[in-house]
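Here the structure comes first, spelled out in structure tokens, and everything after it is commentary.
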Amino acid sequence: MNKFLNFLFSMQMMGVLIILFAFSIGTATFIENDFGTSAARVLVYNAWWFELMLLLLTINLVVNIFRYKLYKKRSGLYSCFMQPSLSFL
């Protein structure tokens with residue numbers, strides 16, 4: 001079980017999920033172009049597998065932030081550029 005969880009929350013899985021996400025929203029764009037927004041919403045955006053993929057991406061991101069200690073405040077040049085740019089979000 002521990003091996004499965006380590007794989008599920010690994011950076012490799014994050015990469016696979018991001019590629020699947022890009023592929024699915026690309027496919028949704030073509031569906032929307034050919035059949036309209038409502039068809040893309042029904043077939044992709046409101047599908048259970050798309051929402052599961054978003055949930056896994058979110059959980060994976062949070063776990064990896066804590067695993068690699070990305071929450072620590074950094075000093076130097078990084079802070080000079082990142083802090084002001086985050087305020088625009």
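The values are calculated or read from the model by the stated rules, or taken from the named source; none is laboratory data. Everything numeric in this text was worked out from a predicted model, so none of it was measured. Virtual Cβ from ideal backbone geometry, glycine too; neighbours counted across all protein chains shown. Side chains included, ligands, DNA and RNA excluded: accessible areas come from the protein's heavy atoms. Shrake-Rupley method; radii C 1.70, N 1.55, O 1.52, S 1.80 Å.
Summary of computed values
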{"item": "Spans of helices (runs of 4 or more DSSP H) in region 16-89 with at least 1 residues hydroxyl-bearing (Ser, Thr, Tyr), at pLDDT below 95 and closer than 21 Å to LEU5 by Cα", "result": "48-67"}
{"item": "Hits in region 33-43 - residues which are in contact with a helix residue (DSSP H, G or I) (Cβ under 9 Å, 6 or more places away or on another chain) and within 18 Å of LEU54 (Cβ to Cβ)", "result": "ALA40, ARG41, LEU43"}
{"item": "Filtered residue count, region 31-41, keeping only those that are surrounded by fewer than 11 Cβ atoms within 10 Å (Cβ to Cβ) and of a type in the set (Phe, Trp, Tyr)", "result": "0"}
{"item": "Residues within region 16-30 that are open to solvent by 30 Å² or more (accessible area, probe 1.4 Å) and free of Cβ contacts under 8 Å to residues at least 24 places away in the same chain, tallied", "result": "8"}
